[in-house]
Amino acid sequence: MLKTDSLTTRFFDKIIIAHPVVVLFLLLAAISGLGYFAKDFQIDASSETLIRENDEDLLLSRQVYSRYGIQDFLVIAYAPHADLLSDEALDDIANLKKDLLQLDRVDSVITILDVPILESPPISIQELAGEVPTLKSPVIDRSMARIELANSPVYRNLLVSPDLKTTGIQVNFKNDTLFMDLIQSNDMLRDKLAEQGLTAEETIEYGRVQAQLDRHRDFADSLRHEDIKSIRIIMDDYRGNADLFLGGISMIADDLVRFVKNDLKLFGIGVFSFLVITLGVIFKKIQWIILPMFCCVFAAIAMIGLLGLFGWEVTVISSNFISLQLIITMAVTIHLIVRYRELSATNPDWSQRELVLETVRLKLTPCIYAALTTIAGFGSLLSCDIFPVITFGWMMVAGIIVSLIITFILFPSAMMLLAKTAPPNLKESRYSLTHILAGFTEVHGRKILIVSAVAFVLSAVGISQLKVENSFINYFKKSTEIYQGMQVIDQQLGGTTPLDVLIDFQEAAPGNSSPLNPSGTSVSDEFSDFDEFDEFAEFDEPAAPESAAKYWFTPYKMNKVLKVHNYLESVPGIGKVLSLGTMMKMADRLSQGKPLDSFDLSLIYNEIPETIKQLLVEPYASVENNQVRFFVRVKDSEKDLRRNELLKQIEYDLTHKLEYQPENVHLAGMLVLYNNMLQSLFKSQIMTLGIVVLALVVMFFVLFRSLRLAVIAIFPNLLATGVVLGVMGWLNIPLDMMTITIAAISVGIAVDDTIHYIHRFEKEIRIDGDYTKAMHRCHSSIGHAMYYTSLTIIIGFSILILSNFIPSIIFGLMTGLAMLIALISALTLLPQLIIIIKPFGTDFST
């Protein structure tokens, strides 16, 4: 006899099941309405989405960009088939530059043809005031230029590769002044909000600025995408004479979006096809294929529409969101299908209405339990201080709720429109996995505990070996063009990832007009007995404000600059370093090693043309702020590079070995911002994993009203999560912005099987009080749903290994591994713990 007394059961009976056509019509209307907003669904991989909004280093980086007039740029690695300095190659480069300058948003293009050639033949410092020769000048001796370029402290590993087979072409974009103004207004209002609050008018203005900033960022991203596309089209015209590769931070961000979108389209279809095939093999009926897929499609459309409606952008971090929702929806649907088939087989005389209603009644509670605990599993995402990660957490919360609601509306209403079929033959094969695992658990319970304990230990060791790294080049297969291009630029042209090292000079710098050696030591270091002449240092100071820059370049400061420059060049993992030290090394070559005094430095600053000043001075010195900048490019492809340790090493050495005060040393740039983001993610995801586990224990206790059951239930979840993270540690797979959410995903996936199994066991044990027989009945019933769900998802997501995007491959493999371990532990370790501990008691006489 059916139990129809609960309010929820009556709702399904009197509304959903009684009026399936009306319900489906309303559901389709709602999905269609949300589908309209899917047009506003966006994927954003811009650098701004991958950094902490309140990061002090973000404010510093923006200050650096503003203070030193830094432009967004791309680099084209050009490797001609002919000799680099041949007329054919140089003419090709000139034509390429001409074509690039035709693009509206390109401000300038710097090539090997535009830079000063000062030693071919050599010119004096005084001659810098005249017309500075370039490779286009008739006076240039190209054989000497070849030697100069190969050994130049400026051009080697920046403009040309050491073997002179590749040259870099820098494409500078026009500054987006509106974007910078909006950023400044947004930061000012945000800071005021945090410190003292905003007035009503300022609150309205803050909202307007944020909305305008979001719109403009999207618009700017679309323009940059078009720019990159246009540049690649231009590059294609020159591939007959050379190998060309494109690089740069904005290109990486743009390509990340492109790869993610391609995977969503191409592999979305592939995963869908694999799921259809697997469902067909398992259930062998068209209705059990179409119904789950409709549930998945409707849930996906609804969530994409909601994202578009509320303006939630999917970032690189949350790019796997739709796949995760597909897993959750598929799991709920398969549990309903398996339960319906069970009831149909055991109650062949029941009507379709009775079967559907009882299926919903029996599965609603465990599915709600599973949804709640899955939400808790993703709770660690909400503890992060990175907005896209928090958004990802809320996406998962909303996605789980949407999947649950749509499935429990669509499944019963659709089933009521389908005729009842003949009861299925559910006779279990002795060779089925669930039957085998049930027998194995009964006979080898102790071995299961031992193997699980060993797995825990090995996982702990693997987790201890996890490292937090973010290497963009390793996101792509070696066969892809983007990988090859990044590798060429990284290895041949000085590195990929930018880092700014800023040094503030003390206000009262020691006067020193002693000549300077290129090693970074002044001649006065050898004649310290003459320190009494330091009283004349005042003559090194500016006589008038308008001439401050002229007198700012003293041997003392340049000595300090050279020491820092030489140190940075010696650090493993660092490629090209550009600073005032670069100019000093070039000047030393022009003076043929003669030490430079204050007069020489003043002469250099005054006499060099504005073009050279813009190239070698202005990007690296802020006279009014008494600050120097070292532009460092880090080699992203270095296998042994540890970015966090590198930043700590630089800070330590500058403050302890070179003896700068900590407040006078600043590190900025994308390397710092991404590292801060990763460290924050690591703390929120890994370090708070214990809090998430504790929260799950509490939820299990509330759901099952038993502390013993709560403790039992947590072990399979810990095993699944531990094995996934442990495998990543053993295989040296780094936790980066794409994989660091694996912990939350593993917990979210594992709790589903645990909840359903325990809920079913609680019913089965009351039949005869025999824990072993109850286990066998659970394996033969709910075990099938768990097995079908896991098998379908594992096979479906295995197609991701064909992707060119490494994070998608890792996601597919780790998701499959999490599903596999969760299934095995829920069908072996969990029942074994239940049999040993007997949390349901032993007296079932009542």
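The values are calculated or read from the model by the stated rules, or taken from the named source; none is laboratory data. The structure displayed is predicted, hence computed values, not measured ones. Because the Cβ atoms are built from the backbone with ideal geometry, glycine has one as well, and the counts that use them run over all protein chains shown. Keep in mind that these areas ignore ligands, DNA and RNA; they rest on the heavy atoms of the full protein, side chains included. Shrake-Rupley method; radii C 1.70, N 1.55, O 1.52, S 1.80 Å.
Here are Ala94, Ala79: which of them is among the aliphatic types (A, V, I, L, M) and not in a strand (DSSP E or B)?
Working: Ala79 fails: not in a strand (DSSP E or B).
Testing whether each residue is among the aliphatic types (A, V, I, L, M) and not in a strand (DSSP E or B) leaves just Ala94.
Within region 81-107, which residues are within 25 Å of Ser137 (Cβ to Cβ), open to solvent by 20 Å² or more (accessible area, probe 1.4 Å) and in contact with a helix residue (DSSP H, G or I) (Cβ under 8 Å, 6 or more places away or on another chain)?
Passing the criteria: Ala82, Asp83, Asp99.
Right, Asn172: modelled with pLDDT of 90 or more and either in a strand (DSSP E or B) or within 33 Å of the chain's Cα centre (by Cα) (or both) or not? Steps first, answer last, please.
Working: modelled with pLDDT of 90 or more: yes; either in a strand (DSSP E or B) or within 33 Å of the chain's Cα centre (by Cα) (or both): yes.
Yes; evaluated as a whole, the condition is true for this residue.
Which numbered condition in (1) under 22 Å from the mean Cα position of the chain (by Cα); (2) open to solvent by 20 Å² or more (accessible area, probe 1.4 Å); (3) under 20 Å from Tyr483 (Cα atoms) is the only one that Ala220 fails?
(3)
Among the candidates Val332, Val360, single out the residue that is within 30 Å of Leu266 (Cα to Cα) and assigned to a helix (DSSP H, G or I).
Numbers: Val360 fails: within 30 Å of Leu266 (Cα to Cα).
Checking each option against the conditions leaves just Val332.
So Pro153 ticks every box in (1) under 28 Å from Asp99 (Cα atoms); (2) in contact (Cβ under 8 Å) with a residue 12 or more places away in the chain; (3) outside any helix (DSSP H, G or I) but one. Which box is left unticked?
Status for Pro153: all satisfied but (1).
Would you confirm whether or not region 297-313 contains a residue that is under 15 Å from Thr391 (Cβ atoms) and free of Cβ contacts under 8 Å to residues at least 40 places away in the same chain?
Yes, because at least one residue in region 297-313 is under 15 Å from Thr391 (Cβ atoms) and free of Cβ contacts under 8 Å to residues at least 40 places away in the same chain.
Which ones in region 791-846 are of a type in the set (S, T, N, Q) and open to solvent by less than 30 Å² (accessible area, probe 1.4 Å)?
Correct list: Thr792, Ser803, Ser808, Thr815, Ser825, Thr828, Gln832.
Taking the conditions exactly as written (free of Cβ contacts under 8 Å to residues at least 40 places away in the same chain, open to solvent by less than 40 Å² (accessible area, probe 1.4 Å) and within 30 Å of Tyr674 (Cβ to Cβ)), does Val389 satisfy them or not?
So Val389 does not fit the description; no.
In contact with a Phe, Trp or Tyr (Cβ under 7 Å, 6 or more places away or on another chain) and either open to solvent by less than 20 Å² (accessible area, probe 1.4 Å) or not basic (Lys, Arg) (or both): which single residue out of Ala242, Ala299 fits that description? So that I can check it myself, show each step before the final result.
Numbers: Ala299 fails: in contact with a Phe, Trp or Tyr (Cβ under 7 Å, 6 or more places away or on another chain).
Result: Ala242 is the single residue among Ala242, Ala299 that is in contact with a Phe, Trp or Tyr (Cβ under 7 Å, 6 or more places away or on another chain) and either open to solvent by less than 20 Å² (accessible area, probe 1.4 Å) or not basic (Lys, Arg) (or both).
Filter region 650-671 for residues that are within 11 Å of Val501 (Cα to Cα), touching an Asp or Glu at 6+ places or on another chain (Cβ under 8 Å) and open to solvent by 30 Å² or more (accessible area, probe 1.4 Å) and give the result.
His666
Across region 483-508, which residue is farthest from Val64 (Cα to Cα) among those that are crowded, with 20+ Cβ neighbours inside 10 Å and touching a His at 6+ places or on another chain (Cβ under 9 Å)?
By that ranking, first place goes to Ile503.
Name the residue, out of Ile110, Ile123, that is open to solvent by 10 Å² or more (accessible area, probe 1.4 Å), over 30 Å from Ile234 (Cβ atoms) and either among the polar types (S, T, N, Q) or more than 28 Å from the chain's Cα centre (by Cα) (or both).
One residue alone meets the criteria, Ile123.
Answer yes if at least one residue in region 583-601 is at pLDDT below 90, open to solvent by less than 20 Å² (accessible area, probe 1.4 Å) and of a type outside the set (A, V, I, L, M), and no otherwise.
The answer is no, given that none of the residues of region 583-601 is at pLDDT below 90, open to solvent by less than 20 Å² (accessible area, probe 1.4 Å) and of a type outside the set (A, V, I, L, M).
Within 30 Å of Asn625 (Cβ to Cβ), at pLDDT 90 or above and of a type outside the set (Phe, Trp, Tyr): which single residue out of Asp107, Asp55, Asp83, Asp92 fits that description?
None of the others qualify; the one that does is Asp107.
Just checking, which of Ile228, Ile233 is among the β-branched types (Val, Ile, Thr) and surrounded by 14 or more Cβ atoms within 10 Å (Cβ to Cβ)?
Criteria check complete, one pass: Ile228.
Just to verify a result, which residue in region 56-76, among those that are open to solvent by less than 10 Å² (accessible area, probe 1.4 Å) and outside any helix (DSSP H, G or I), is farthest from Met670 (Cα to Cα)?
Only one residue fits best here, namely Ile76.
Go through (1) in a helix (DSSP H, G or I); (2) surrounded by fewer than 24 Cβ atoms within 10 Å (Cβ to Cβ); (3) over 25 Å from the mean Cα position of the chain (by Cα) for Lys285 and report which single condition fails.
For Lys285, the failing item is (1).
Looking at His779 and the list (1) open to solvent by less than 10 Å² (accessible area, probe 1.4 Å); (2) modelled with pLDDT under 90; (3) closer than 23 Å to Gly280 by Cα, which single condition is not satisfied?
(2)
Determine whether region 191-212 contains at least one residue that is open to solvent by 40 Å² or more (accessible area, probe 1.4 Å), more than 28 Å from Gln42 (Cβ to Cβ) and not in a helix (DSSP H, G or I).
So far as region 191-212 goes, yes, one or more of its residues are open to solvent by 40 Å² or more (accessible area, probe 1.4 Å), more than 28 Å from Gln42 (Cβ to Cβ) and not in a helix (DSSP H, G or I).
Please find, within region 126-140, the residue that is modelled with the lowest pLDDT out of those that are open to solvent by 60 Å² or more (accessible area, probe 1.4 Å) and either in a loop (DSSP other than H, G, I, E, B) or closer than 17 Å to Glu88 by Cα (or both).
Glu131
Restricting region 433-482 to residues that are in contact with a Ser or Thr (Cβ under 9 Å, 6 or more places away or on another chain), open to solvent by 30 Å² or more (accessible area, probe 1.4 Å) and touching a residue at least 40 places away in the same chain (Cβ under 8 Å), which is farthest from Glu342 (Cα to Cα)?
Asn474
Please count how many residues of region 618-658 are under 27 Å from Gly69 (Cα atoms), over 33 Å from the mean Cα position of the chain (by Cα) and of a type in the set (D, E, K, R).
Residues in region 618-658 being under 27 Å from Gly69 (Cα atoms), over 33 Å from the mean Cα position of the chain (by Cα) and of a type in the set (D, E, K, R): 2 in total.
Is at least one residue of region 342-355 surrounded by fewer than 24 Cβ atoms within 10 Å (Cβ to Cβ), touching a His at 6+ places or on another chain (Cβ under 9 Å) and not aromatic (Phe, Trp, Tyr)?
yes
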